[in-house]
Each structure stands twice: as structure tokens, then as C-alpha cells.
Amino acid sequence: MAVPPNALKKWEKVRDHALGLPGAAEEHPWGESVAKVNRKVFVFLGVRDGSYPLGVTVKLTDETAHAHALACPGAEPAGYGLGRAGWVRIPLEVKGAPRADLLCDWVEESYRTIAPRRLAAQLDPH
């Protein structure tokens with residue numbers, strides 16, 4: 001199953017943004033792509049080979065951002081009990097999926113929640 005080009009382009013922007021954050025690294029547990037900081041996942045990027053619908057999963061602790069993310073078409077609390085901790089899965093292939101810049105904002109919020117303070121502080125202007 002082919003991934004729609006616009007969804008793939010969004011996914012690539014989100015991945016590039018995530019990996020550009022201080023101390024971020026990509027790993028492939030469970031056969032999917034994740035971005036980690038300090039050995040902890042801050043965004044699940046899934047797979048881009050078309051075997052599963054393209055999407056991202058982020059941890060949003062800000063109530064407004066969390067509610068906004070859940071209001072996106074097809075979005076849902078993440079599985080495996082992660083939804084209870086604020087993780088939201090946002091599909092990228094559905095009509096009305098969020099723009100890449102908004103997804104990057106959510107990735108950054110997720111990063112700030114997971115990253116050590118000294119790394120997260122590098123995102124703030126001095």
C-alpha cells in the first residue's frame with residue numbers, strides 16, 4: 001500500500017525536526033522508528049513503508065494541546081496504556097490531518113516533557 005506523498009512529506013519534516021532537537025537520536029525498536037532523548041522515547045514515528053497507516057505519537061501534558069490533538073481527524077489516545085499518560089496518536093494520511101508545523105510544535109512539547117531540563121533549556125532563547 002503506497003503512502004500518500006503529502007503525508008510522507010509531513011512525516012519527513014516531523015522526523016527531521018525531532019532528530020534536530022538537542023541530544024535526539026533515532027532508534028528502531030519493534031521495527032518502527034522512534035526518536036529518543038536520554039534513552040527515552042519522545043515521539044513514535046511508526047513505519048513509512050505503507051504496511052501500517054502513517055502517523056506520529058506524542059506525549060502532550062498541556063491540556064489545550066492534548067485536546068487539540070485529540071480533536072484531529074482519526075486521532076486517539078495511544079495504545080498499550082500510554083494514552084492514560086497523555087500520549088496521542090495522530091494519523092497523517094486522513095483528510096484534515098494537522099500541518100507539519102503544528103505537528104513539530106507537538107513533537108517539541110513532547111520532547112520538553114521527556115528530555116532532561118538541561119537539554120530542554122537549549123531550546124529557549126538566552
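The values are calculated or read from the model by the stated rules, or taken from the named source; none is laboratory data. Values in this document were obtained by computation on a predicted structure and should not be read as measured data. Note: ideal-geometry Cβ built from the backbone for every residue, glycine included; neighbour counts use all protein chains shown. Note: areas computed on protein heavy atoms with side chains; ligands, DNA, RNA excluded. Shrake-Rupley method; radii C 1.70, N 1.55, O 1.52, S 1.80 Å.
The table for this structure:
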quantity: Size of electric dipole in the stretch 21-66: Cβ of Lys, Arg +1 and of Asp, Glu -1, about Cα centre, debye, nearest 20; calculated: 140 debye
quantity: Phi-based couplings in Hz for the stretch 77-86 (Karplus 6.51, -1.76, 1.60; Gly and Pro marked x); calculated: x, 5, x, 6, x, 5, x, 5, 9, x
quantity: Extended-chain gain in nm, criterion 0.36 nm per residue less alpha-carbon gap, Asp105 and Ala2; calculated: 34.4 nm
quantity: Portion, in percent, of the accessible area of the chain that falls on carbon or sulfur, probe 1.4 Å; calculated: 52 percent
quantity: Summed residue charge, Cβ within 11 Å of Gly23's Cβ, Lys/Arg positive, Asp/Glu negative; calculated: +4
quantity: Long-range HN-HN contacts of Val47 with modeled amide H, under 5 Å; calculated: Ser33, Gly55
quantity: 3J(HN,Hα) from dihedral phi, the stretch 50-57, Karplus parametrisation 6.51/-1.76/1.60, rounded to Hz, x for glycine, proline; calculated: x, 6, 8, x, 5, x, 10, 10
quantity: Computed label-point distance, nm, for sites Leu82 and Val47 using a 7 Å Cα→Cβ extension; calculated: 1.6 nm
quantity: The chain, relative contact order in percent, only Cα pairs under 8 angstrom and at least six apart counted; calculated: 27 percent
quantity: Mean accessible surface per residue for the chain, computed with a 1.4 Å probe while every protein chain stays in place, in Å²; calculated: 57 Å²
quantity: Separation between Cα centres of the stretch 112-126 and the stretch 56-91, rounded to whole Å; calculated: 22 Å
quantity: Evaluated at q = 0.12, 0.27 Å⁻¹: base-10 log I(q)/I(0), Debye formula over Cα of the stretch 37-110; calculated: -0.28, -1.44
quantity: Eligible lysines near Lys95 by straight Cα distance, threshold 22 Å, same-chain separation 8 or greater; calculated: Lys9, Lys10, Lys13
quantity: Whichever aspartates and glutamates have a C-alpha closer than 20 Å to that of Lys40, once near sequence neighbours (fewer than 8 apart) are set aside; calculated: Asp16, Glu26, Glu27, Glu32, Asp62, Asp105, Glu108, Glu109
quantity: Placed amide H near Glu93: partners under 5 Å, 5+ positions off or other chain; calculated: Leu54
quantity: Calculated FRET value between Asp16 and Glu63, using beta carbons and R₀ = 25 Å, to 0.05; calculated: 0.35
quantity: For Trp87, residues with placed amide H under 5 Å, excluding near neighbours; calculated: Leu60, Ala78
